[in-house]
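Colleague: The structure follows.
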Amino acid sequence: MPRERKQRGHKPAEKRRLEKEEEERKYLEAQERDVLFYDRPKNPFGLLTHEDERFFSEVHEEFKKNELDDEDAKDAFIQNVFTEMKGKELKIATSPVSKFFESLLPLCPRSELQRIMMVFKGHTRELAIHRFGSFALEKIAGHAGIWISKDLDGTVEDQQNEEWESLEKLFQSMVEVAPTASVLRW
């Protein structure tokens, strides 16, 4: 077996030194990233099953294709997705499938947004510090703000369900995440 030729001299040694420094830098960056995010909850609400994750991924692909020409078919499709999501909203918001959840929010009716906000109501802090949940929370707050502004303008007739809290109160409870004692500490 022939031996591998060892390169000698100034330039190959410099190249090996730079490669070693690059590996060390990447390792230290990975360690810093782990330290920065060590206290973030990975899955505070549990994981989706593989079947659910696959289902929502397939629905997301179907949704991205946007091949539903008929408005009634699109509404039925969205309604079926919302019925499939019931009870899994928090798991979806804290999983990689949350991108789909975020893209579905602009199409959801006010009653669905209120229902989702009721589910998220007591979990705002956990969602705010979660990797995926923070984006979902941001989108929900944005769409709630849109509905509230439509209410103030009077462009939407009042369709509020009596058994649910008003959208304004839900939005206010979402925004008031930090207790006043922790704010005064700053």
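Colleague: Tell me the Kirkwood radius of the stretch 109-159: reciprocal of the mean inverse pair distance over distinct alpha-carbon atoms, in Å. Each step should come with its number before you reach the end.
Modeller: Values: mean 1/r = 0.0854 Å⁻¹.
Evaluated on the stretch 109-159, it is 11.7 Å.
Colleague: Charges only on Cβ, +1 for Lys and Arg, -1 for Asp and Glu: so what's the dipole of the stretch 42-142 about the Cα centre, in debye to the nearest 20? Intermediate values should be presented prior to the final figure.
Modeller: Numbers: 15 positive and 18 negative charges, 156 e Å.
In debye, rounded to 20, the stretch 42-142 gives about 740.
Colleague: Past the 20 Å Cα-Cα mark, which pairs from K65/K139; K99/K139; K65/K86; K64/K139; K88/K169?
Modeller: Details: K65/K139 22 Å; K99/K139 10 Å; K65/K86 24 Å; K64/K139 18 Å; K88/K169 23 Å.
Distance filter (> 20 Å) returns K65/K139; K65/K86; K88/K169.
Colleague: Please give the length that would be gained between E138 and E14 if that part of the chain were fully extended, namely 0.36 nm times their separation in residues minus their C-alpha to C-alpha distance (nm, one decimal).
Modeller: Numbers: separation 124, 0.36 × 124 = 44.64 nm, distance 4.82 nm.
Contour length minus Cα-Cα distance gives 39.8 nm.
Colleague: Follow-up. Roughly how many nanometres apart are two label points built 7 Å out from the Cα toward the Cβ at T49 and A30?
Modeller: Going from the T49 label point to the A30 one covers 3.4 nm.
Colleague: Given Cβ point charges of +1 (Lys, Arg) and -1 (Asp, Glu) and nothing else, what value in debye, to the nearest 20, does the dipole of the stretch 86-146 about its Cα centre take? It would help to have the intermediate numbers written out before the result.
Modeller: Numbers: 10 positive and 5 negative charges, 29 e Å.
Around 140 debye, computed over the stretch 86-146.
Colleague: Okay, next question. According to a simple spin-label model (label point 7 Å from Cα along Cα-to-Cβ), what is the distance in nm between S111 and K169?
Modeller: Once both label points are built, they end up 1.9 nm from each other.
Colleague: Using only the heavy atoms of the protein chains and a 1.4 Å probe, how would T155, T94 rank by accessible area, largest first? Before the final figure, lay out the partial values.
Modeller: On the way: T155 100, T94 5 Å².
Largest accessible area first, the list is T155, T94.
The values are calculated or read from the model by the stated rules, or taken from the named source; none is laboratory data. Keep in mind that this is a model prediction, so the values were computed, not measured. Here the Cβ is made from the backbone with ideal geometry for all residues, glycine too, and neighbour counts use every protein chain on show. When the accessible area is computed, the model is the full protein with side chains, heavy atoms only, and any ligands, DNA or RNA have been set aside. Shrake-Rupley method; radii C 1.70, N 1.55, O 1.52, S 1.80 Å.
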